[in-house]
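Take a look at the structure set out below.
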Amino acid sequence: MTVDQIKRFAEAWYLALDQHAPVEHCHGFLAEHGLRMRFPDGDIRDFDSFKRWYDRVTHLFFDENHIVQELAVTFREDEADVRIVVGWQASWFEPPAAKSKRVSLDATQGWRVRPSSRNAHGLEIVSYDATVEPFQYAPGFARL
């Protein structure tokens, strides 16, 4: 694993979310066993819980853009801890409102990734925490 490989993997993940790719394609970025994803609205541990989350967000948000702004990696034996600052913009509509709403924010996420053959990028997300505190560099992190 390299920092550049992890960055390309993260960008591909966010692009799949932005394009509302088929759920099976997005699930291919995630570990089949031992998955732990934490969001403010709940946790994901398997395909069924991921599918429920994905169906909800893809039916709620549109015109999405995710931009990786900062990424730092700490390598372990066969995994890597990743801290990402991602800029996210999205629109949503609440009927019967006359106009849609727009959000634009920077979110800090913590991931753990490992090598995998589940997708063309050669990595998979083992844990994903979308509730971490703002980005702070820790000793040992390789900054991109």
- Please go through segment 40-81 and pick out each residue that is farther than 20 Å from S104 by Cα and in a strand (DSSP E or B). G42, D43, I44, A72, V73, T74, F75, A80, D81
- Note on the structure: When (1) in contact with a strand residue (DSSP E or B) (Cβ under 6 Å, 6 or more places away or on another chain); (2) closer than 19 Å to S117 by Cα; (3) assigned to a helix (DSSP H, G or I) are applied to M1, the one that fails is (3)
- All positions within segment 16-45 that are open to solvent by 90 Å² or more (accessible area, probe 1.4 Å) and in contact (Cβ under 8 Å) with a residue 24 or more places away in the chain: E32, R36, R38, P40
- A98 is checked against (1) over 22 Å from A21 (Cα atoms); (2) open to solvent by less than 80 Å² (accessible area, probe 1.4 Å); (3) among the small types (G, A, S) and fails just one. What number does that condition carry? (2)
- Only one of F9, F75 is within 21 Å of G122 (Cβ to Cβ) and open to solvent by less than 30 Å² (accessible area, probe 1.4 Å), namely F9
- Residue pairs within 8 Å by beta carbon, gap of at least six or interchain, first lying in segment 82-103 and farther than 22 Å from Y14 by Cα and hydrophobic (A, V, I, L, M, F, W, C), second open to solvent by less than 30 Å² (accessible area, probe 1.4 Å) and modelled with pLDDT of 95 or more, listed first then second, are none
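The values are calculated or read from the model by the stated rules, or taken from the named source; none is laboratory data. This one's a predicted model, so the numbers in the text were calculated from it and none came from an experiment. When we count neighbours, we look across all protein chains shown, and the Cβ atoms used for this are built from the backbone with ideal geometry, even at glycine. Just so you know, the surface numbers come from the protein's heavy atoms only, side chains and all, with ligands and any DNA or RNA stripped out. Shrake-Rupley method; radii C 1.70, N 1.55, O 1.52, S 1.80 Å.
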